[in-house]
Amino acid sequence: MPDPDKGGVNRSHAPSLMQKASFTGLHFASLAVCVAIAFGVDLANPTRAKVLVMVAALYFARHLVTLFYLLMRRVDWGEVLGLSVFMAAFEIGFVWLGGQSSAPFGALDALGLGLLAFGSYLNTGSEVQRKWWKVDPANKGHCYTLGLFRHSMHINFFGDVVLFSGWALLTANLWALGLPFLMGLMFAFMHIPSLDAYLAKRYGDEFIAYAAKTKKLIPYVY
C-alpha cells in the first residue's frame, strides 16, 4: 500500500510486471481513442488533432521507458487505474479541443513544441542521469544531487509542468493551460512536501544540506 511517509507511493522494489503491462495496455487504449478521433471524426481542424495524436504517441513512448527501464519501485493497482483515467482524460481531451479549434498554426504552436521538447528532456533526461548514477554500487545509500538535479531538487516534476504547458498550447485553447497550472500546484503543495519528508528521513544530513542550497521546483526561483 502507498505510504504517506514515503512520498505517497509504495517504494519497495518489485518488478510489478502485471501492473506495468496493464498500465501499458490502458495507455495504448487511450492512444487508440485519440487516433480514432483524429482520423475518423469530422473535425474543424483535423491537422491540429493529428499533431496532438503524435504528441500523445511520443508521451506513450516515454511512458514505456519510465515503466520498464527507469522505474524500480513497486507499482500498485490503485496507481495504475488512477493514472490511466487521468492520462486518458487529458490525452483524449487535448485531441478533441485541438480538433475543434479554428486557429491556424503560428508562433504559439512553435513555442508549444519547444516547451514540449525541453520539458521532455528535463523530465526523462534527469531520470536517466539519476538511474545511471544509482547503478554504481559506490553510490548506494547516497542522495543524488548531480546533473539536472543540481538546478532543482525536483527538476523532473518541473519538466512535467513545462512539457504539459507546451502540450496545452498546441490545443489552441486557453482552458487547456489549466492542467499544467494545477499540476504545478499539486507538485508544490502535495507531492513535493511528502516526498521531501521521506527523503530527509532516508538520507538525513546529506539531503538537508542539498535542500538548503537548492530550489525545490523551478530552478533558481522556487
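Read-outs: derived from the displayed coordinates by stated rules, not from any lab. Since the structure is predicted, the reported quantities are computational estimates derived from the model, not experimental observations. Cβ atoms come from the backbone with ideal geometry, glycine included; neighbour counts cover every protein chain shown.
Quick look at the numbers
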| quantity | calculated |
| --- | --- |
| For the stretch 31-40, Karplus couplings with θ = phi - 60° (6.51, -1.76, 1.60), whole Hz, Gly/Pro x | 5, 4, 5, 4, 4, 4, 5, 5, 9, x |
| Of Lys134/Lys201; Lys20/Lys213; Lys131/Lys216; Lys20/Lys215, pairs whose Cα-Cα distance is over 27 Å | Lys20/Lys213; Lys20/Lys215 |
| Potential lengthening between Asp205 and Val85 on full extension [0.36 nm per residue; Cα-Cα distance subtracted] | 39.3 nm |
| Fully extended contour minus Cα-Cα distance, from Ser22 to Phe181, at 0.36 nm per residue | 54.4 nm |
| Gaussian network model of the chain, Cα within-10 Å springs - most flexible of Val51, Val41, Val135 | Val135 |
| Virtual spin-label span in nm between Tyr220 and Lys131, 7 Å along Cα→Cβ | 2.9 |
| For Leu179, net neighbour charge (Lys/Arg +1, Asp/Glu -1) across residues whose Cβ lies under 13 Å away | -2 |
| Estimated FRET transfer efficiency when R0 is 45 angstrom, pair Asn139-Ser102 (beta carbons, to 0.05) | 0.25 |
